[in-house]
Amino acid sequence: MNVPFLNVGATYTSLRGELDEATARVLASGWYLLGRELEAFEQEYARYVGARFCVGVANGLDALQLSLRARGIGPGDEVIVPSNTYIATWLAVTQVGATPVPVEPDEDTYNIDPARIEAAVTARTRAVLPVHLYGQPANMTAIVEIARRHGLFVLDDAAQAHGARVDGQRVGSVGDATAWSFYPGKNLGAFGDGGAITTNDEELATRLRVLRNYGSRVKYVNDVQGYNSRLDEIQAAVLRVKLAHLDAWNARRAQIAARYLDALRGTDLVLPVVADGMEPVWHLFVVRTRQRGQLQRQLQERGVQTLIHYPIPPHLQEAYASLGLPKGTFPISERVHDEVLSLPMDPHMTDEQVEYVIAQTLDALRGQLQGK
């Protein structure tokens, strides 16, 4: 049996009729940007996450960057970021000219550790940018409390957390603004790039709408130096169709995760931990092992595709060599990046595929023990 890490095309084949109708509707309309489909999606997604406003943009990185720009964050400012994250989180900060200040994660959840945030706050700190990594919500209750005490903007990166909840409240309505990616492999994915920002701040939403469209409210009248970052009508129509199925897909992911956790408990793998009050959406099912390379090779030989999220932490990327953060600066993140391995996680997986992944993982682990 071959088990792909994620069958992106299955979302189309399972919803072919609905998606074909939606895209045909847009094509026939003759209106492809900033139209009715985007307006409808923005309203529906804001309602879904429990926020007042949603602003569609071109991608998740733009969602982060434009949110920082809309709050006037730039050169001379500092933004607290996780040391353990995908590089896009840092890129948004440096692209506006601000300085990322990395903070180590809680090693159980892999998300930024609120206990370490306060020590990183300086007179130049303007914002905190937590990430809901792997679909596991960050401790937003603690993070928001710290930010309020210091007067900081809270922008959370929810690129992997569509539908997740913190203490019963959906991610996307807890902080000051939330950035979303609709990259095709996300829990809610488009058929190309796409992104959005949700917020309860009407003034912020208004500024974001201006920034995403060349700094213009009225055609050919430009109030500020803006950007071209718009979620197009076809992607908005696709996302409207998929949004209706998101909760069911997330529920299936939770079933698969529960089966993995039950079957792999007691092995040498470090398994995911769900903190109290958190409802993850299992964008990824990430285990840890010091024998990662060997386990990945053995699973590949058995037809099970795995991926590494992520092999190199941002501070060790050549892109951030100028920050002067050598190996050893963030030991928790470095250890995590050396050991993590993502098992297949796809709402379209069959029970047979799930059991095959489990059986092959257990067999590979037994082989490792015998080889010691």
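The values are calculated or read from the model by the stated rules, or taken from the named source; none is laboratory data. Predicted model, so just to flag it, every value in this text is computed and none were measured. Note that we place each Cβ from the backbone using ideal geometry, even for glycine, and neighbour counts take in every protein chain shown. Quick note on the areas: whole protein, heavy atoms, side chains included, nothing else; ligands and nucleic acids left out. Shrake-Rupley method; radii C 1.70, N 1.55, O 1.52, S 1.80 Å.
Report for the chain the percent antiparallel among DSSP-assigned beta bridges with both residues inside it, nearest 5.
Here the antiparallel bridges make up roughly 60 percent for the chain.
Using the basic label-point model (7 angstrom from Cα toward the beta carbon), what is the Leu261 to Glu355 distance in nanometres?
Between Leu261 and Glu355, the simple spin-label model gives 2.2 nm.
So how much accessible area does Asp167 have, in Å² to the nearest 10, using a 1.4 Å probe?
About 100 Å², rounded to the nearest 10.
For segment 293-327, state which trypsin sites (Lys or Arg not before Pro) are in a DSSP loop and have at most 10 other beta carbons lying within 10 Å of their beta carbon.
Lys327
Calculate the length of the line joining the C-alpha centroid of segment 201-255 to that of segment 122-140, in whole Å.
Comparing the Cα centres of segment 201-255 and segment 122-140, I get a distance of 22 Å.
Where the centre of each part is set by its Cα atoms, how far does segment 298-362 sit from segment 1-64, in angstrom?
Each part reduced to its Cα centre gives a spacing of 28 Å.
Tell me, what ³J(HN,Hα) does each residue in segment 114-130 have, in order and in whole Hz, if you take phi through Karplus 6.51 cos²θ - 1.76 cosθ + 1.60 with θ = phi - 60° and put x for Gly and Pro?
Each residue's phi maps through the Karplus curve to give x, 5, 9, 5, 4, 5, 8, 6, 10, 5, 9, 5, 10, 8, 10, 10, x Hz.
Average the reciprocal distances over every distinct pair of alpha-carbons in segment 270-350, invert the result, and give the Kirkwood radius in Å.
About 14.6 Å for segment 270-350.
Once you have the Cα-Cα distance between His245 and Arg52, take 0.36 nm times their residue separation minus that, and quote the gain in nm to one decimal. It would help to have the intermediate numbers written out before the result.
Numbers: separation 193, 0.36 × 193 = 69.48 nm, distance 2.17 nm.
Gain on extension, His245 to Arg52, equals 67.3 nm.
In terms of the Cα gyration tensor, with a ≥ b ≥ c the square roots of its eigenvalues, is the chain rounded because a/c is under 1.5, prolate because a/b exceeds b/c, or oblate? Provide the component values of the computation, followed by the final result.
Numbers: a/c = 1.99, a/b = 1.23, b/c = 1.62.
Oblate.
How large is ³J(HN,Hα), in whole Hz, for each residue of segment 325-334 in order, when computed from phi with the Karplus curve 6.51 cos²θ - 1.76 cosθ + 1.60 and θ = phi - 60°, using x for Gly and Pro?
10, x, 4, x, 5, 10, x, 5, 4, 4
What is the percent carbon and sulfur in the accessible area of segment 93-228, measuring with a 1.4 Å probe over the protein chains and ignoring ligands?
Carbon and sulfur: 47 percent of the exposed surface of segment 93-228.
Over segment 272-344, with every protein chain in place, what whole percent of the accessible area is carbon and sulfur at 1.4 Å, could you tell me?
Exposed carbon and sulfur together represent 49 percent of the surface.
Can you give the FRET efficiency for Trp31 and Arg366, using 1/(1 + (r/R0)^6), R0 = 51 Å, r = Cβ-Cβ distance, to the nearest 0.05?
FRET efficiency, Trp31 to Arg366: 0.30.
What distance in nm separates the two pseudo spin-label positions at Gln225 and Gln305, each 7 Å out from Cα along the beta-carbon direction?
Result for the modelled spin labels: 4.3 nm.
Can you give the accessible area of Met278 in Å² (nearest 10), computed on protein heavy atoms with a 1.4 Å probe?
Solvent-accessible area, nearest 10 Å²: 30 Å².
If you roll a 1.4 Å probe over the heavy atoms of the protein chains, what accessible area per residue do you get for segment 306-360, in Å²?
42
What is the dipole size for segment 241-372, taken about its Cα centre, with +1 at each Lys and Arg Cβ and -1 at each Asp and Glu Cβ, in debye to the nearest 20?
Details: 14 positive and 15 negative charges, 66 e Å.
Taking the Cα centre of segment 241-372 as origin, the dipole is about 320 debye.
Given a 1.4 Å probe, how much area per residue of segment 80-160 is accessible, in Å²?
I get 31 Å² per residue for segment 80-160.
What does the highest-first list of 125-136, 37-48 look like by mean Cβ count within 10 Å?
Values: 125-136: 25.9, 37-48: 19.3.
The densest-packed peptide leads the list: 125-136, 37-48.
Suppose the chain between Arg252 and Thr99 were pulled fully straight at 0.36 nm per residue; how much longer would it get relative to their current alpha carbon spacing?
51.1 nm
Going through segment 69-122, which GluC sites (Glu not before Pro) have at most 16 other Cβ atoms within 10 Å and a DSSP loop state? Please report the intermediate quantities before stating the final value.
Values: sites: Glu78, Glu107, Glu118; in loops: Glu107.
Passing sites in segment 69-122 are Glu107.
If you filter segment 299-372 for GluC sites (Glu not before Pro), then keep DSSP loop positions with at most 16 other Cβ within 10 Å, what is left?
For GluC sites (Glu not before Pro) across segment 299-372 that sit outside H, G, I, E and B with at most 16 neighbouring Cβ atoms in 10 Å, the list is empty.
Treat every Asp and Glu Cβ in the chain as -1 and every Lys and Arg Cβ as +1, leave all other atoms uncharged, and give the resulting dipole magnitude about the Cα centre to the nearest 20 debye.
Details: 36 positive and 43 negative charges, 77 e Å.
Around 380 debye, computed over the chain.
Where does each of 217-224, 91-98 land if you order them by average Cβ count within 10 Å, highest first?
Details: 217-224: 10.2, 91-98: 19.8.
Put in order of decreasing packing, that is 91-98, 217-224.
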